[in-house]
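**Q** Handing you a structure now.
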């Protein structure tokens, strides 16, 4: 007998009941730690972000900073502490001598998706080398210019199916492990960034991953936070994964920022993209205005950005028709809000897409991150609910809940179990419930 969760509100109630199954010990720990919100400091618990409003946690500068930040881990000294001390000293000396920063990382994801009539499995990994090279302005005064890039490979491991495709094969309209597909070794990003006014006006040009720059929120990272697509890539925005283009941003007043960009709509990580940009000329355009109240002007040079846990923004976009894949022209907008209350950071997001450029017409998600759980500053629990309404009227609306627990075992290694419960999978009308279970391990140095 099939489960019938009932109308729209009942489905969200069922998912909320799942999402609230956070260990009571975690809530007790949070209750002891969370108090009145303090002004944002230069260092925050959890991943450190160079600039929370312009760049998300998966932007190259933030990946590098996160790999170098001290971590409150279960094994304090880590494995081979002498080696990692020398490694950190080498990276510091290299930056002092040349302006080069870099990080190496490998992330593994194993996933199983199961419903009453099928089971799908997948296993894969991503190796990445991220770097920036500061050409001038390292003193913190005047203009600042740097080059950034990412060399990466994504591949299957002991399974013919990559994790990104497991949930869709089982009937979900979105991926349960976004970003973990297959990709030969490629220089997926290479760009130049120029700050005309330090920490206030910047422009980036080259091969860019727009997803990492626009529609920011703190837990938008399949590397270290939510794994499923609805809590990462907003499914109502047709972001090209990596594309030639130009983007920029500016701080308008204390707390207020504006960002915009234009990119090759057909960009992919494995090709430079000059052919599709200049011959086809199909563009993806995006603009965003937001308020991050923790930011203020008037601090020391290079110290105006004070990334906290509060961000509110509106994003609008337009995508030209893509003739090669028969995708129509479209436009849309998103709304996003997050607010920190001590160690608890709730968020809410909504997206609308017009014209059929994406699989979903409406999308909404909300949830919260719980930081510093069980006495470890860098442990994070996240819970989120999501809903998607497909453009194809013959498909069902899809509902989902996701929960993850990021455990920092050593300063370099984190392990993250992840559970997603999907109700009414849009592409499997014979199933009412789809469970997606994952384990993710990440080593970053």
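The values are calculated or read from the model by the stated rules, or taken from the named source; none is laboratory data. Keep in mind that this is a model prediction, so the values were computed, not measured. Reconstructed Cβ throughout: ideal geometry from the backbone, glycine too, with neighbour counts over all protein chains shown.
For every residue, the table says whether it meets (1) under 20 Å from residue 111 (Cα atoms); (2) touching a residue at least 12 places away in the same chain (Cβ under 8 Å); (3) in contact with a helix residue (DSSP H, G or I) (Cβ under 8 Å, 6 or more places away or on another chain).
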{"site": "384", "(1), (2), (3)": "yes, yes, yes"}
{"site": "387", "(1), (2), (3)": "no, yes, yes"}
{"site": "390", "(1), (2), (3)": "no, yes, no"}
{"site": "399", "(1), (2), (3)": "yes, yes, yes"}
{"site": "412", "(1), (2), (3)": "no, yes, yes"}
{"site": "418", "(1), (2), (3)": "yes, yes, no"}
{"site": "423", "(1), (2), (3)": "yes, yes, yes"}
{"site": "426", "(1), (2), (3)": "yes, yes, no"}
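**Q** Here's something else I'd like to know. Residue by residue through segment 90-129, note down the ones that are within 18 Å of the chain's Cα centre (by Cα) and free of Cβ contacts under 8 Å to residues at least 40 places away in the same chain.
**A** Once the filter is applied, which keeps residues that are within 18 Å of the chain's Cα centre (by Cα) and free of Cβ contacts under 8 Å to residues at least 40 places away in the same chain, segment 90-129 yields 127, 129.
**Q** Next up: For residue 116, all conditions in the list (1) under 21 Å from residue 438 (Cβ atoms); (2) touching a helix residue (DSSP H, G or I) at 6+ places or on another chain (Cβ under 9 Å); (3) assigned to a loop (DSSP other than H, G, I, E, B) hold save one; what is the number of the exception?
**A** Exception for residue 116: condition (2).
**Q** Of the residues 364, 359, 401, only one is under 16 Å from residue 232 (Cβ atoms), at pLDDT below 95 and in contact with a strand residue (DSSP E or B) (Cβ under 7 Å, 6 or more places away or on another chain); which? Show your work before the answer.
**A** Details: 364 fails: at pLDDT below 95; 401 fails: at pLDDT below 95.
On inspection, the qualifying residue turns out to be 359.
**Q** Of the residues 437, 374, which single one is surrounded by fewer than 20 Cβ atoms within 10 Å (Cβ to Cβ), farther than 25 Å from residue 314 by Cα and in contact with a helix residue (DSSP H, G or I) (Cβ under 6 Å, 6 or more places away or on another chain)?
**A** On the way: 437 fails: in contact with a helix residue (DSSP H, G or I) (Cβ under 6 Å, 6 or more places away or on another chain).
Of 437, 374, the one residue that is surrounded by fewer than 20 Cβ atoms within 10 Å (Cβ to Cβ), farther than 25 Å from residue 314 by Cα and in contact with a helix residue (DSSP H, G or I) (Cβ under 6 Å, 6 or more places away or on another chain) is 374.
**Q** Sticking with this one: (1) farther than 30 Å from residue 323 by Cα; (2) modelled with pLDDT of 95 or more: which one isn't true of residue 431, the others all being true?
**A** The single condition residue 431 does not satisfy is (2).
**Q** Restricting attention to segment 132-163, which residues are within 23 Å of residue 416 (Cα to Cα) and either part of a loop (DSSP other than H, G, I, E, B) or in contact (Cβ under 8 Å) with a residue 40 or more places away in the chain (or both)? Show your work before the answer.
**A** So the first thing to find is which residues in segment 132-163 are within 23 Å of residue 416 (Cα to Cα), and the list is 152-163.
Once the filter is applied, which keeps residues that are within 23 Å of residue 416 (Cα to Cα) and either part of a loop (DSSP other than H, G, I, E, B) or in contact (Cβ under 8 Å) with a residue 40 or more places away in the chain (or both), segment 132-163 yields 152, 157, 158, 159, 160, 161, 162, 163.
**Q** Still on this structure, I have one more. Of the residues 233, 226, only one is under 14 Å from the mean Cα position of the chain (by Cα), at pLDDT below 95 and either part of a strand (DSSP E or B) or closer than 24 Å to residue 110 by Cβ (or both); which? Walk me through it before giving the result.
**A** Values: 226 fails: at pLDDT below 95.
After ruling out the rest, the residue left standing is 233.
**Q** Residue by residue through segment 175-197, note down the ones that are out of contact with any strand residue (DSSP E or B) (no Cβ under 6 Å at 6 or more places or on another chain) and in contact (Cβ under 8 Å) with a residue 60 or more places away in the chain.
**A** 184, 186
**Q** Would you please list the contacts, defined by Cβ atoms under 8 Å and residues six or more apart or on different chains, that run from a residue in segment 271-291 that is more than 30 Å from residue 335 (Cα to Cα) to a residue that is in a helix (DSSP H, G or I)?
**A** 280/323; 280/324
**Q** Looking at the structure I just gave you, is residue 239 in a loop (DSSP other than H, G, I, E, B), touching a residue at least 40 places away in the same chain (Cβ under 8 Å), crowded, with 22+ Cβ neighbours inside 10 Å and under 19 Å from the mean Cα position of the chain (by Cα)?
**A** yes
**Q** Of 109, 166, which residue is touching a strand residue (DSSP E or B) at 6+ places or on another chain (Cβ under 9 Å) and part of a helix (DSSP H, G or I)?
**A** When all the criteria are applied, what remains is 166.
**Q** Okay, moving on. Inside segment 62-74, can you point out the residues that are in contact with a strand residue (DSSP E or B) (Cβ under 9 Å, 6 or more places away or on another chain) and at pLDDT below 90?
**A** Taking segment 62-74 first, the residues in contact with a strand residue (DSSP E or B) (Cβ under 9 Å, 6 or more places away or on another chain) are 63-68, 71-74.
Selection gives 68 alone.
**Q** Tell me, which residue of segment 269-301 that is touching a strand residue (DSSP E or B) at 6+ places or on another chain (Cβ under 8 Å) and assigned to a loop (DSSP other than H, G, I, E, B) is modelled with the highest pLDDT?
**A** Of everything passing the filter in segment 269-301, 282 is modelled with the highest pLDDT.
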